[in-house]
Amino acid sequence: MKKIISALTISVLIIMSAFPAFAVTAETKGSDFTYSKMPNGNLKITGYNGLDTVISVPQTYNNRKVTVIKSLDIFSKAKVTTIKIYKNIRRIGNTNVSKLNGLKTIKVSANNLWYSSVDGVLYNKTKTKLLGCPVNTPTV
C-alpha cells in the first residue's frame, strides 16, 4: 500500500511540475503590473493596479520579455496622461483608449517593429492604420 501511495504522490508531483502555474504580480518598487506567462515563455501584461500618471510598459519582468499588452484599457483606473511602449511589445489586444479620459499621449520606441506613434497617436509601424488616438492629444 505504501508503494502505491508513493507512486501516486510522485506521479502527481511530476504532472504538477509539467504544468507550472504562472500568474505573477509585480512586486518590485514602482511596478504595479500583473502578468501571465504565454506558451513561448514571454509575458503578457494583463492588469495594472498603480496610480502613476506616466506609465512605462516594462520590457522585462523576472528575466522574461514582456511582449504583449492585453488591452490599453487596463490603465483606465489610473489617471494616466502618458503611456510609453518600448521595443519588445509585439501585440496590443485592444487599442481603444476611450476609457482613458486623461490620456494625452502614447509614445512608442523608434526601435519597436510593430507599432509607432506620431504626435502622441498610436499607429501600426508603417503608419497605415490609426490604432489609438487619445481624447486629450494636444493639437499641433
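Just so you know, all these numbers are worked out from the coordinates, no wet-lab data involved. These numbers come from a predicted model, not from an experiment. When we count neighbours, we look across all protein chains shown, and the Cβ atoms used for this are built from the backbone with ideal geometry, even at glycine.
Within segment 36-140, antiparallel bridges make up roughly 45 percent of the DSSP beta bridges whose residues both belong there.
Cross-link pairs exceeding 27 Å between alpha carbons, from the set Lys65/Lys127; Lys37/Lys129; Lys77/Lys107: Lys37/Lys129. In this simple spin-label model, placing a label point 7 Å from the Cα along the Cα-to-Cβ direction at both Lys129 and Leu113 gives a separation of 1.7 nm. In this rough spin-label picture, where each label sits 7 Å from Cα along the Cβ direction, the Asn136-Asn42 distance is 3.1 nm.
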